[in-house]
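Reading through the C-alpha cells given below for one structure.
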Amino acid sequence: MKSYRKYIMLILTMILLTSCSQPEQKEQKNAGLTIEPLFLNKKEQTLVSKTGVSSIEYFILNGHLKKNEDLKMELEKYVNGQNTNETMSSWDEPQRTFDNRILSFGVQSMHEGNGINLLIGLTEGLSRTSEPTNNIIASSQGNILREKVKLIKGKPVYLAAWVGSSKNEIQSVVQTEDWTLPTFIKESELAFVYKITIVDRKK
C-alpha cells in the first residue's frame, strides 16, 4: 500500500512539474522581436512639421523578449567617419512584450543655428540630447531600415541616421541590404546613427 502511495505521489509530482514548465517553454518558443518602419501620410507629416522638428522617422516594434534578454537602443556619433564612442544608450527594458510599440528618431535645429537637438523616442518616454554642428551647412536624414525584419540577439539593426557636411553637397541617407552600418556613414564629416540590439539582460 505504501509503495502504491509513493507511486501516486511520484506521478502527481511529474504532472505538476510538467504543467509548470509548459508556460515557460511556450514563452521561449514564441519569443522573438520584429521591427519595421512606420511611414506617415501627408496629413500626419503636416502635423509633425508644426512641432518644429524638421523630420521624424518612426518604427513599430512587435513580439516578445526571452526572460534573459534585454533591449538596447543606442545613438552613435561619427566624426570624419570615425565612431567617437560618445554613445547615448538605453537598456534595462522594463517590458518583455511589445504590441505595436512605436520608436522614433527626430532632429530639431537649435534657435542659435549652431547645433541640433536629437530626439529619441524609446519604448517608455523620450530622450533628448543637444550636439554642436560647427561648420555644417548641409544635412540629410532618413531611414536606413525600409522593411520588416526580425531582430537577432547580438546583431544590431541600424534604423535611421542624420548626416551633415560643411560643403554644399550631401550624401542622402539610404538603406542597406542587411541593416548594418552604411558605408556613407564612414565617409561623412558628422553623423548620428540610431540602432537597436537584443542583448543579454544584466543581473
I'd like to compare 114-122, 159-167, 142-150: which one has the highest average count of other Cβ atoms within 10 Å, and what's the full order after that?
159-167, 114-122, 142-150
So what's the net charge close to Ser90: Lys and Arg +1, Asp and Glu -1, counting the other residues with Cβ under 11 Å from its Cβ?
-4
Sort Asp92, Asp200, Asp70 so the one with the fewest other Cβ atoms within 10 Å of its own Cβ comes first.
Asp92, Asp200, Asp70
Listing Ser172, Ser109 from the residue with the fewest other Cβ atoms within 10 Å to the one with the most, what is the order?
Ser172, Ser109
Distance (nanometres) between label positions extended 7 Å along Cα→Cβ at Arg146 and Ile60:
2.0 nm
Restricting attention to the alpha-carbon atoms of the range 31-200, what are Rg (one decimal) and Dmax (integer), both in Å?
15.7, 49
With a cut-off of at most 16 other beta carbons within 10 Å, and DSSP calling the residue loop, which GluC sites (Glu not before Pro) in the range 70-110 qualify? Please list them.
Glu86
Estimated inter-spin distance, Thr129 and Lys67, nm [label 7 Å along Cα→Cβ]
3.4 nm
Total formal charge among the other residues, if their Cβ is under 11 angstrom from that of Thr197, Lys/Arg +1 and Asp/Glu -1:
0
Given H placed 1.01 Å from N in the peptide plane, which residues other than close sequence neighbours of Ala138 have an amide H under 5 Å from its amide H?
Ser165, Lys167
Can you count the Lys pairs in the range 28-165 whose Cα atoms are under 18 Å apart, with each pair 8 or more apart or on different chains?
13
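Any read-out appearing in this document is the output of simple, stated calculations on the displayed coordinates, not a laboratory observation. All figures in this text were calculated on a predicted structure; none of them were measured in a lab. Quick reminder, even Gly has a Cβ in these numbers, built from the backbone with ideal geometry, and neighbours come from all protein chains shown.
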